[in-house]
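Only the coordinates and a few stated rules stand behind these numbers; no lab work does. Note that the coordinates shown come from a computational prediction; the quantities given were computed from them, not determined experimentally. Backbone-built Cβ (ideal geometry, glycine too); neighbour counts: all protein chains shown.
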Amino acid sequence: MPKLIAMRTLAWPLGLLSVWMVISWLLADRQIVINTSPSVVPGIYLRVNEWPAVGRIVDFRIPARAWPYIRQRTGHTGRNWYILKPVAAGPGDKVNTLGRWLYINGRKIAPIYTHDEKGRLLPHWRADCVLGPHEYFVYSNRIWNSFDSRYYGPIKRCQIATVRIPLATW
């Protein structure tokens, strides 16, 4: 009987320790992230060992050319913040943002806004180019005001932290 009581006494702390270890592993090195931004379906996203490609969701640090706008919008530089976006164009794709519309491979994709919903001036990356071997253009069509490559340009492969897949969304 005393042995059974001792095992029950240890079971609860050991169970909690096991749960804590699993959660720590998942959060360590950003194995999972929680997305609350509406530009990608809100939810929990799992890190996968895949190469970025059109249609995949990637996360990356906010590019330096976007910092002034982020500072104006939030009061922070955003240097240590990550953005989660789908890849809309990759190496070899033609991207044009010279006018008022985004074109990818000659297809009219989305307008390029000059101001955000609060009237703040948005940056505008202007180019008509073919993306290089390690360049990706991220764009989200879920919301009209997605802050994406239309405003800060393509991101390089070395800027991409991970490729993500949804684990649970809401």
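What ³J(HN,Hα) values, in whole Hz, does the Karplus curve 6.51 cos²θ - 1.76 cosθ + 1.60 give for segment 149-158 when θ = phi - 60°, with x put for Gly and Pro?
4, 4, 9, 10, x, x, 10, 8, 3, 5
Restricting to DSSP H runs of at least four residues, report the calculated mean residue ellipticity at 222 nm for the chain, -39500 (n - 2.57) per run over all residues, nearest 500 deg cm²/dmol.
Details: 3 runs with 38 residues, N = 170.
Mean residue ellipticity, 222 nm, calculated: -7000 deg cm²/dmol.
List the residues, sorted by chain then number, that are 5 or more residues from Thr162 or on another chain and whose placed amide H is less than 5 Å from its amide H.
Asp59
Rounded if a/c is under 1.5, else prolate if a/b is larger than b/c, else oblate: which is segment 37-111, with a ≥ b ≥ c the root eigenvalues of its Cα gyration tensor? Present the calculation step by step, with values, prior to reporting the outcome.
Values: a/c = 1.94, a/b = 1.16, b/c = 1.67.
Cα axes put segment 37-111 in the oblate bin.
Given the options Thr97, Thr36, Thr74, which has the most mean-square fluctuation in a GNM of the chain, springs set between C-alpha atoms less than 10 angstrom apart?
Of the options given, Thr74 has the highest mean-square fluctuation.
Please list, in order along segment 93-100, the HN-Hα scalar couplings obtained from phi with the Karplus expression 6.51 cos²θ - 1.76 cosθ + 1.60 (θ = phi - 60°), rounded to whole Hz, x for Gly and Pro.
Per residue, the Karplus-derived 3J(HN,Hα) values read 7, 9, 10, 10, 10, 6, x, 8 Hz.
Anyone know which of Ala127, Ala66, Ala88 comes out most mobile in the 10 Å Cα GNM of the chain?
Greatest mean-square fluctuation among the candidates belongs to Ala127.
Tell me the angle of helix 2-27 to the major Cα principal axis of the chain, expressed in degrees between 0 and 90 and rounded to the nearest ten.
Once rounded, the angle reads 10 degrees.
Would you please give the FRET efficiency between Gln31 and Leu98, computed as 1/(1 + (r/R0)^6) with r the Cβ-Cβ distance and R0 = 30 Å, to the nearest 0.05?
On the way: r = 40 Å, r/R0 = 1.34.
E(calc), rounded to 0.05, equals 0.15.
Label segment 81-170 by shape, choosing from rounded, prolate and oblate, from the square roots a ≥ b ≥ c of the eigenvalues of the Cα gyration tensor; if a/c is under 1.5 it is rounded, and otherwise prolate applies when a/b is larger than b/c, oblate when it is not. Write down the numbers at each step before the final one.
Details: a/c = 1.64, a/b = 1.08, b/c = 1.52.
Judged from the Cα gyration tensor, segment 81-170 comes out oblate (a/c at least 1.5, b/c at or above a/b).
With r defined as the distance between the Cβ atoms of Arg126 and Asn80 and R0 fixed at 30 Å, what FRET efficiency is calculated, to the nearest 0.05?
0.60
Connecting C-alpha atoms closer than 10 Å in a GNM of the chain, tell me which of Val48, Val19, Val58 has the biggest fluctuation.
Sorting by GNM fluctuation, first place goes to Val19.
Which aspartates and glutamates, if any, have their Cα less than 16 Å from the Cα of Lys85, not counting same-chain residues under 8 positions apart?
Glu50, Asp59, Glu135, Asp148
What FRET efficiency do you get for His134 and Ala64 if R0 is 22 Å and r is their Cβ-Cβ distance, rounded to the nearest 0.05? Let's see the in-between values first.
Values: r = 17 Å, r/R0 = 0.78.
So, using R0 = 22 Å, E works out to roughly 0.80.
What are the residues whose amide H is under 5 Å from the amide H of Ile112, where those residues sit 5 or more places off or on another chain and H is modelled from the backbone?
Answer set, sorted by chain and number: Trp101, Leu102.
Take every Cα pair under 8 Å in segment 31-169 that's 6+ residues apart, average their separations, divide by the length, and report that relative contact order as a whole percent.
Numbers: 295 pairs, mean separation 44.8, N = 139.
The normalised contact order for segment 31-169 reaches 32 percent.
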